[in-house]
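Throughout, read-outs are computed from the coordinates displayed, never taken from laboratory work. From a predicted model like this one, the values you see are computed outputs, not experimental measurements. Every residue, glycine as well, gets a Cβ built from its backbone with ideal geometry; the counts of neighbours run over all protein chains shown.
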Amino acid sequence: SSVGGGTAGTPGFNFNGDTDTGLYSAGADSIGIATGGTQKVVINGDGELGVGTPDPFGPFHVRLATDKNIYFTTSVESASTISTVNDGGTAFPPLAFKSSDVYFANAGSIVFRIDTSGNVGIGTTTPQDYINLEFNHTNNTDLFSAADGLFINNKAAAIGDYVSLSFSTDSGQRKKSA
């Protein structure tokens, strides 16, 4: 048995006394859910679920407001990603999961990764130890500067106080910058 497809304003399956709330045909091979005469949810023919959008970008897409969308998909390194996207579909996957890795990406490039061993990489996709920071040293001095990509700030220190940074190896070799 079949029922008329209806619209968001008058769904084919609705409730007595609330005829603008229910299920309806949102198009070929699509089901819509409407409340108050407005489409709120759609499942399209590809099985993609859209909340607040009639045209989901991926398997699960939530439109929060104009140009404020979140959706789940695969992206960088075929990882499962939570992406933000504007209404036109331009997306940048800021948070991704692959196996047990977690990483943040900016414009499709990984900038921060926690691998399956718990190693953290900043500026590298393959951290070699607990914390692996990689950057391009741009000057010939022994001191690091903000221009090098590393900035350390002790907000509790008073003007004129020194903050030191020490590097050492297991053999005790040290280099100290202040």
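The label point for T84 and the one for S117, both projected 7 Å from the Cα toward the Cβ, are 3.3 nm apart. For the pair A28 and T126 in one chain, pulling the backbone fully straight at 0.36 nm per residue adds 30.7 nm over the alpha carbon distance. Whole-Hz Karplus values for the range 36-53 come out as x, x, 10, 5, 10, 9, 9, 10, 8, x, 8, x, 7, 9, x, 10, x, 9 Hz, taken residue by residue from phi with 6.51 cos²θ - 1.76 cosθ + 1.60 and θ = phi - 60°; glycine and proline positions read x. The HN-Hα couplings worked out from phi for the range 60-73 by the Karplus form 6.51 cos²θ - 1.76 cosθ + 1.60 (θ = phi - 60°) are 9, 9, 10, 9, 8, 6, 3, 6, 10, 10, 10, 8, 9, 7 Hz, whole numbers, x standing for Gly and Pro.
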